[in-house]
Amino acid sequence: MKSDQLLKNLILKKLKIAIEIWRQEKALDTSVSLQIRLEYSRDEKFGDYSSPFALENKAHFPGNPFDLAKSLLPYLQIDSDFSEVTATPPGFLNFRVRPSLLAHYVKEHLHGKVEFAKESDPKKICLEFVSANPTGPLNIVSARSAAYGSALSELLKTLGHQVHTEFYVNDYGNQVYLLGVAVLLRYLELKGKPLLFQETEDGRTVEELILQNTLPMESYRGEYLIPIAKKVEQTTDLVNEIETVYSEKTYGEALQALIHKLSRLAIETNVSKQKQDLETFGVKFDDFFMESSLHDTNRVATITKHLKTEDVKIEEGKTFFISTTYGDDKDRVILREDGRPTYLMADIAYHKGKYERGYTELIDIWGPDHYGYIARLSGAIQSLGFAKESFRVLIAQQVNLIENKQKVKMSKRLGVFQTMEDLLGYLGDSAKDVARYFFLMRSSDAPLDFDLDLAKDESEKNPVFYIQYAHARICSIFRELGALSESDWQLDVGVLSSSEDRLRLLFWISRFQEEVYDSAKALEPHRLTNYLQALSKAFTKFYGNKDNRIKEKEGVERLTLLSLISLVQVSLSSGLRILGISSPEKMGKSL
């Protein structure tokens, strides 16, 4: 299915043709470029679609927008695909689509296998998301990013794009070293050596702090490290190495080598747990890319050779990327005086490698504290010679957990997390579906209040259950009345036109593919959650009308109503699948 076959685009095309004929007949300037848009009517009583054409182009024509809209009516009302075209103040054009067109459209594009609108120029996309530090558990914002990225991947695939999902593991640098320090000291604590905590900077080196059983201020204090320390206890080679270093006092390089091994063990353990939590959440990545591989192959150290010469400078022994050229507020250090690369330098090398792997578009989903990082990395990508438009950053904003209408306070004590695992455990058997839906039902670039009480509610007050109940009810009807065969399929326009509930449900069904398309193009899965909620509401209203009791109907009317709800069923199940949410055939309570 091509995008120009979407119902909204068919209507838009008709509007554009009518406007051109109107301009020619009215001897208006046809060289002026006009903005012509079509949107869904904000109030269904006015129609299915509306256009603000007269309002948005009033500067190009004489008279007020309302009169302008009315003057276009004769050019639109003659189209047999519209049952009604009206103009309403202050200047909207409203379109009601003829039921016969709706019935023909859904039968052609939705009956049987769902067809999604494809882009004419499919891309090879690398979608990176979550990419949480491997130094601890996944938190709530990471869970939101996981739901967002997973749904976005499926949406982009409906457009025909080839999507590769990737988790970037920052397993290199000082934070990884400090993780190894924390594991060592936690192991010693298990062996009876009291663990002390550095509370203020006091001039001691990290090695001195280690030898005094003191955890550096910037290291990791969470109790999630204790199971890793216990794993060290069960690893004979590591235990022997620890004993050798401390008994022989072979500090320096020997201690560094020991900490490196402990760091690797901790990274492997944490990443394994992150993968496990993600899989529980229904999120699987095509690849976990290790930052250390960039350093091992010298791709970080040589990255300055690939940036534009005029974009690099050396001052006071530091190497800077001149990111102010690309809109950053200051130039950024990429190589320190001691020769150690910054995170930015590694990130530049990592993204360069994505292009070298053949991806034509890069999409990253970052956390709420990374806005300032966008300009510098985008600038580096341009300095490498890649188009600015080929790199996009999306933000998964902060999540506030709400319980009893109060924000759940996050503990300020170091090492205490609000983790993905905690949330899924709290929500119980339906955790994956509920959490994914709640994370997706609002725009990702706005803070989210996650209502724990509503999420725990197993009634139809819970928005995801409301949709699932609608799907399960349809399954229940087919279990009772039997499956609809191919020869039984009918959409009789007379039957559908006999009830406003039936017509509105038909129109909401016809919107399915364009809602998926718009969600994918805008990179906004929340549009699809809103649509599924509205479709379920239209079905529930239809279902609650006694005139639509299918088991009491016969002949063409019965087959038409069965065909209608079959279209609802396939739309709901397909939409939920894209979001990574199940579409159960039975629910907990009686239907």
Of the residues that make up the stretch 194-214, is at least one outside any strand (DSSP E or B) and closer than 17 Å to residue 267 by Cβ? no
Please verify whether residue 209 is among the aliphatic types (A, V, I, L, M) and surrounded by 20 or more Cβ atoms within 10 Å (Cβ to Cβ), treating the condition exactly as stated. yes
Please state which of the following conditions residue 573 fails to meet, knowing it meets all the rest: (1) under 13 Å from residue 470 (Cβ atoms); (2) surrounded by 21 or more Cβ atoms within 10 Å (Cβ to Cβ). (2)
Test: residue in the stretch 582-591 that is surrounded by 15 or more Cβ atoms within 10 Å (Cβ to Cβ), in contact (Cβ under 8 Å) with a residue 60 or more places away in the chain and assigned to a helix (DSSP H, G or I): no
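If you go through the stretch 314-333 one residue at a time, do you hit one that is closer than 25 Å to residue 124 by Cα, assigned to a loop (DSSP other than H, G, I, E, B), touching a strand residue (DSSP E or B) at 6+ places or on another chain (Cβ under 8 Å) and acidic (Asp, Glu)?
Our first condition is that a residue be closer than 25 Å to residue 124 by Cα; within the stretch 314-333, this holds for none.
No.
Considering 408, 434, which residue is touching a Leu at 6+ places or on another chain (Cβ under 6 Å), modelled with pLDDT of 95 or more and surrounded by 12 or more Cβ atoms within 10 Å (Cβ to Cβ)?
On the way: 408 fails: modelled with pLDDT of 95 or more.
Just a single option satisfies the conditions, and that option is 434.
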Within the stretch 142-151, can one find any residue that is at pLDDT below 95 and in contact with a Leu (Cβ under 7 Å, 6 or more places away or on another chain)? no
With respect to the numbered conditions (1) open to solvent by 60 Å² or more (accessible area, probe 1.4 Å); (2) at pLDDT 95 or above; (3) assigned to a loop (DSSP other than H, G, I, E, B), which one is the sole condition not fulfilled by residue 338? (2)
Taking the residues in the stretch 369-404 that are among the charged types (D, E, K, R) and touching a residue at least 40 places away in the same chain (Cβ under 8 Å) as candidates, determine which candidate is farthest from residue 126 (Cα to Cα). 403
Scan the stretch 478-492 for residues that are under 12 Å from residue 563 (Cα atoms) and either under 34 Å from the mean Cα position of the chain (by Cα) or open to solvent by 30 Å² or more (accessible area, probe 1.4 Å) (or both) and jot them down. 478, 483, 484, 485, 486, 487, 488, 490, 492
Pairs please, first residue from the stretch 482-503 and more than 17 Å from residue 568 (Cβ to Cβ), second anywhere and of a type in the set (Lys, Arg) and assigned to a loop (DSSP other than H, G, I, E, B), Cβ atoms under 9 Å, 6+ apart in sequence or on different chains. 493/98
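Residue-wise test of (1) open to solvent by 20 Å² or more (accessible area, probe 1.4 Å); (2) modelled with pLDDT under 95; (3) over 30 Å from residue 364 (Cα atoms); (4) not in a helix (DSSP H, G or I).
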{"residue": "428", "(1), (2), (3), (4)": "yes, yes, yes, no"}
{"residue": "439", "(1), (2), (3), (4)": "no, no, no, no"}
{"residue": "445", "(1), (2), (3), (4)": "yes, yes, no, yes"}
{"residue": "459", "(1), (2), (3), (4)": "yes, yes, yes, yes"}
{"residue": "466", "(1), (2), (3), (4)": "yes, no, yes, no"}
{"residue": "473", "(1), (2), (3), (4)": "yes, no, yes, no"}
{"residue": "532", "(1), (2), (3), (4)": "no, no, no, no"}
{"residue": "539", "(1), (2), (3), (4)": "no, no, yes, no"}
Here is a list of conditions, (1) open to solvent by 90 Å² or more (accessible area, probe 1.4 Å); (2) within 17 Å of residue 382 (Cβ to Cβ), and residue 327 meets all of them except one; can you say which number that is? (1)
Single unsatisfied condition, residue 380 versus (1) in a loop (DSSP other than H, G, I, E, B); (2) under 27 Å from the mean Cα position of the chain (by Cα); (3) over 30 Å from residue 439 (Cβ atoms); (4) of a type outside the set (Lys, Arg): (1)
Tell me which residues, restricted to the stretch 155-176, are assigned to a helix (DSSP H, G or I), under 23 Å from residue 581 (Cβ atoms) and of a type outside the set (D, E, K, R). 155, 156, 158
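The rows are residues; the columns are (1) of a type outside the set (A, V, I, L, M); (2) open to solvent by 40 Å² or more (accessible area, probe 1.4 Å).
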{"position": "353", "(1), (2)": "yes, no"}
{"position": "357", "(1), (2)": "yes, yes"}
{"position": "368", "(1), (2)": "yes, no"}
{"position": "372", "(1), (2)": "yes, yes"}
{"position": "382", "(1), (2)": "yes, yes"}
{"position": "388", "(1), (2)": "yes, yes"}
{"position": "395", "(1), (2)": "no, no"}
{"position": "401", "(1), (2)": "no, no"}
{"position": "404", "(1), (2)": "yes, yes"}
Find all pairs meeting these conditions: Cβ atoms under 7 angstrom apart; at least six residues apart or on different chains; first residue within the stretch 356-368 and touching a residue at least 12 places away in the same chain (Cβ under 8 Å); second residue in a loop (DSSP other than H, G, I, E, B). 360/123; 361/123; 365/129; 365/396; 367/396; 368/397; 368/398
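The values are calculated or read from the model by the stated rules, or taken from the named source; none is laboratory data. What you are looking at is a predicted structure, and each value in this text was computed from that prediction instead of being measured. No Cβ is skipped: glycine too gets one built from the backbone with ideal geometry, and neighbour counts run over all protein chains shown. SASA here: full protein model, heavy atoms, side chains in, ligands and nucleic acids out. Shrake-Rupley method; radii C 1.70, N 1.55, O 1.52, S 1.80 Å.
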